[in-house]
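Below is one structure; the comments refer to it alone.
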């Protein structure tokens, strides 16, 4: 369902849809910027350009170019030196949301957590199975 929100760029009110997250005016500006970036990148000599070179040549903000990459409008397979930052550490990646290093770190943390959970469950199970003997002090004194 569409909702009424303020444009993140110009703060004007518009109806957000699943296709647009900015107002009509800003969307048209983004489309012009996309055409500029795409026309630059389409040239054979510019396909190996880095993000910095694209920003300098097109005068389009890096954040907007990253938006084009993340939404799939610019395909990284066609542009070998472009990438976007890892959501966790910020290093440049070409696929997914986090880099291989952060993925491995997360995997290790999950394995450690799983092992701890197993250990905790095993201790609980052992404690439930343990037999406890209670000694009644009055009974002990009478038996002597």
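The values are calculated or read from the model by the stated rules, or taken from the named source; none is laboratory data. In this text, all values refer to a predicted model and were calculated from it rather than measured experimentally. As a convention, Cβ positions derive from the backbone with ideal geometry for all residues, glycine included, and neighbour counts pool all protein chains shown.
Here are some notes:
- Looking at 98, 93, just one residue is surrounded by 10 or more Cβ atoms within 10 Å (Cβ to Cβ), closer than 30 Å to residue 72 by Cα, at pLDDT below 90 and within 46 Å of the chain's Cα centre (by Cα), and that residue is 93.
- Qualifying residues in the range 43-57 (those that are surrounded by 14 or more Cβ atoms within 10 Å (Cβ to Cβ) and more than 27 Å from the chain's Cα centre (by Cα)) - the one modelled with the lowest pLDDT: 46
- When we screen 81, 9 for residues that are over 25 Å from residue 95 (Cβ atoms), at pLDDT below 90, surrounded by 13 or more Cβ atoms within 10 Å (Cβ to Cβ) and within 26 Å of the chain's Cα centre (by Cα), the only hit is 9.
- Of 15, 69, all but one fail to be closer than 28 Å to residue 96 by Cβ, modelled with pLDDT under 90 and touching a strand residue (DSSP E or B) at 6+ places or on another chain (Cβ under 8 Å); the exception is 69.
- Filter pass, residue 33 being surrounded by 12 or more Cβ atoms within 10 Å (Cβ to Cβ) and within 23 Å of residue 8 (Cα to Cα): yes
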